[in-house]
Amino acid sequence: MELNAQIIKKNGKNEFVVLPYDEFQKMQEELASYEDLRCLREAKIAERDAPTIGIAELKKITSGRISKSSLPRKLGG
């Protein structure tokens, strides 16, 4: 992403940055996407050992053909 930033100095040091509004919005969207990706990766790590079921089992559960008690349980739970 290329930014057309204007840097404003105060006492000879960089103090502020001024961006065109559309670039500011794009930067916010990119940061939000990055945050979403980071949260997804954390969730995947946290749930790495969670029991899973296949789509066929899910369809049976939602149609009422299997009881929830026959689902896999987390160890120690």
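Taken together, the values in this text are just the output of simple stated rules run on the coordinates, not laboratory data. Small disclaimer: the values here were computed from a predicted structure and weren't measured.
May I ask you to list the aspartates and glutamates whose Cα is less than 16 Å away from that of Lys44, ignoring any residue fewer than eight positions away on the same chain?
Straight-line reach from Lys44, under 16 Å: Glu35, Asp36.
Jot down the radius of gyration and Dmax of segment 6-64, Cα atoms only, both in angstrom.
22.9, 72
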